[in-house]
Amino acid sequence: QMWEEAIALGKELAEQYENEMFDYEQLSELLRKQAQFYENIVKVIRPKPDYFAVGYYGQGFPTFIRNKVFIYRGKEYERREDFEARLLTQFPNAEKMKTTSPPGDDIKNSSGQYIQCFTVKPKLDLPSKFHRPVSEQIVSFYRVNEVQRFEYSRPVRKGEKNPDNEFANMWIERTVYVTAYKLPGILRWFEVKSVFMVEISPLENAIETMQLTNDKINNMVQQHLNDPNLPINPLSMLLNGIVDPAVMGGFANYEKAFFTEKYMHEHPEDHEKIEKLKDLIAWQIPFLAEGIRIHGEKVTEALRPFHERMEACFRQLKDKVEKQYGVRAVLSSLDDRRGSRPRSMVRSFTMPSSSRPLSVASVSSISSDSTPSRPGSDGFVLEPLLPKKMHSRSQDKLDKDDLDKDKKEKKKEKRNSKHQEIFDKEFKSTDISLQQSEAVILSETISPLRPQRPKSQVINVISSERRFSVSPSPPSSQVTPPPITPRTKLSFSMQSNVELNGTSSSDIPDVPPPLPLKGSMADYGNLMESQDLISPATSPPAHQRVSP
């Protein structure tokens, strides 16, 4: 169940499958496994094994373990008694030590075998990638894995014993063990390389206890929010133990021990720590409120009286704490976790293709200004687009929207570039002045900036039944054009009496020769040019170079 390690190895394999072996079938299978691993990390609750410190003292042990301390990783749900029994089977003549204090030289130099075993707590060492708060379900793996520091805390009483409050003079003697390697590794046990001890004052111990309690409440609340099917019994025991003062005494013992004028007068250096403890007590209330709310939603009818008593105790506790230490509120972080997509992005993905305006990329890709000169072109050859491309569905829809709705026009003009604005302006207008047409630069391809043909010419073309079209089309302009296909051997002839973009052919300095007579019906596609428009004075042309 160490899925985090499996994911790391899977990423190495994925790199090989994708970029070295090009085995996409294995890659897809591996990625499916990784997806399942990520889901397991969030949803599956894994058991947390215990760690045990084992010391082998006496000259009767082999040299590689003699007078040394090791940290063992226990099996799942293995208690210390079971682990000790398993350990003593390997050394049936060994004697189990009763204390957890380090032994003296008399035991270390004796000829017998003495085994000391006690439970230690792993110290969390989060990887650097977790630079922000993350889910407890993700962090819980690192609480018992990839750990190298372990702690053992032993209470020590100093000063006079206070029968009324045992927290006032309870010090903690904490021993820290550092192993040679992180656990678990290639082995389930490693030797301890360094040991040092620190003392924790009673006030610091109270701060640590309150912090751990708040974290425990918050973690359990998050687990129930993520998985509503979790059993309610652990939550009931935790909340009742904190809310009901008859069970554990709550933090009233801390108030009696540290929040007195006598203690503040004797320990003025602890003023900041006392304020921190008060703040932790105040923060416990919103965590408890959320836990009791979840408990009320999931409690059964048999436990309803128990829940009502717990609510009554919590109300008294809340009034007292908020009056003495202030009010704290936990803000909802649901909106912060998942940012909503901007409305404009949603609209752009949900609009149908027929009603979408042309994007900047689509306009610039077919614009004549961005088309480079064709290598090896002789003279100035026009390589036009299909004439019916101007009458696609999306652009007819755009024309209709432009004429009917001014609000949509303003939005489209903001979204499009200068090329789109010029395109929209000239596409709507059929009567363009010469000054406007001078901004259009002719190149190898006729750009979409070409205006519509005047009605007079359209009528003449329709009346003359001789067309270059393969199949006759109805004169109605509402007919849906066929889909545009790639151009094959398509070229235009320049006529002397046809205006292009408002400029007559006489104004063009180098006029390419006209097309030769039609050899087959498939040579000219759906061109709407009429044979009557060809000048009779034009001589038969030579074949033009065409694009592939």
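The values are calculated or read from the model by the stated rules, or taken from the named source; none is laboratory data. From a predicted model like this one, the values you see are computed outputs, not experimental measurements. With ideal geometry, Cβ positions are generated from the backbone for all residues, glycine too; neighbour counts draw on all protein chains shown. What goes into the accessible areas is simple: the full protein's heavy atoms, side chains included, and nothing from ligands, DNA or RNA. Shrake-Rupley method; radii C 1.70, N 1.55, O 1.52, S 1.80 Å.
Given (1) exposed (fewer than 15 other Cβ atoms within 10 Å of the Cβ); (2) out of contact with any Phe, Trp or Tyr (no Cβ under 7 Å at 6 or more places or on another chain), where does L87 come up short, assuming only one miss?
(1)
Out of the residues in the stretch 186-200 that are farther than 24 Å from F141 by Cα and either touching a residue at least 60 places away in the same chain (Cβ under 8 Å) or hydrophobic (A, V, I, L, M, F, W, C) (or both), which is surrounded by the fewest Cβ atoms within 10 Å (Cβ to Cβ)?
F196
Table: residues versus (1) open to solvent by 60 Å² or more (accessible area, probe 1.4 Å); (2) modelled with pLDDT of 85 or more; (3) assigned by the TED database to the domain that holds N229; (4) not small (G, A, S).
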{"site": "A246", "(1), (2), (3), (4)": "yes, no, yes, no"}
{"site": "K256", "(1), (2), (3), (4)": "yes, no, yes, yes"}
{"site": "L277", "(1), (2), (3), (4)": "no, yes, yes, yes"}
{"site": "P286", "(1), (2), (3), (4)": "no, yes, yes, yes"}
{"site": "A289", "(1), (2), (3), (4)": "no, yes, yes, no"}
{"site": "H295", "(1), (2), (3), (4)": "no, yes, yes, yes"}
{"site": "E308", "(1), (2), (3), (4)": "yes, yes, yes, yes"}
{"site": "A312", "(1), (2), (3), (4)": "no, yes, yes, no"}
{"site": "V321", "(1), (2), (3), (4)": "no, yes, yes, yes"}
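Among the residues of the stretch 137-156, how many are more than 25 Å from R86 (Cα to Cα) and buried (at least 17 other Cβ atoms within 10 Å of the Cβ)?
3
Enumerate the helices (runs of 4 or more DSSP H) found wholly within the stretch 206-285, keeping only those where 3 or more residues are free of Cβ contacts under 8 Å to residues at least 24 places away in the same chain.
233-243, 245-248, 261-266
Counting residues that are more than 17 Å from V69 (Cβ to Cβ), which strands (runs of 3 or more DSSP E) fully inside the stretch 83-191 reach at least 1?
The strands (runs of 3 or more DSSP E) meeting that bar are 147-157, 170-183.
For T119, indicate whether it is under 17 Å from E191 (Cα atoms) and not hydrophobic (A, V, I, L, M, F, W, C).
Against the criterion (under 17 Å from E191 (Cα atoms) and not hydrophobic (A, V, I, L, M, F, W, C)), T119 qualifies.
Taking the stretch 157-178 as the search range and keeping residues that are farther than 23 Å from E191 by Cβ and among the aromatic types (F, W, Y), which one is most open to solvent (accessible area, probe 1.4 Å)?
By that ranking, first place goes to W171.
With respect to the numbered conditions (1) more than 33 Å from the chain's Cα centre (by Cα); (2) open to solvent by less than 40 Å² (accessible area, probe 1.4 Å), which one is the sole condition not fulfilled by N214?
Every listed condition holds for N214 apart from (1).
So is F118 modelled with pLDDT of 95 or more, within 26 Å of A206 (Cβ to Cβ) and open to solvent by less than 60 Å² (accessible area, probe 1.4 Å) or not?
So F118 fits the description; yes.
Given the residues Q26, Q59, Q16, which is the only one that is assigned by the TED database to the domain that holds E146, more than 24 Å from the chain's Cα centre (by Cα) and surrounded by 12 or more Cβ atoms within 10 Å (Cβ to Cβ)?
None of the others qualify; the one that does is Q59.
Checking the conditions here, which among L126, L183 is outside the structural domain of N218 (by the TED database), open to solvent by 50 Å² or more (accessible area, probe 1.4 Å) and among the aliphatic types (A, V, I, L, M)?
Within the list L126, L183, the selection yields L126.
What pairs can you find where one residue is in the stretch 31-45 and within 13 Å of D227 (Cα to Cα), the other is open to solvent by 80 Å² or more (accessible area, probe 1.4 Å) and assigned to a helix (DSSP H, G or I), and their Cβ atoms are less than 9 Å apart, with a gap of 6+ or different chains?
Qualifying pairs under 9 Å: V42/N226; K43/N226.
List the number of the failed condition for F70; all other conditions in (1) in a loop (DSSP other than H, G, I, E, B); (2) crowded, with 18+ Cβ neighbours inside 10 Å hold.
(1)
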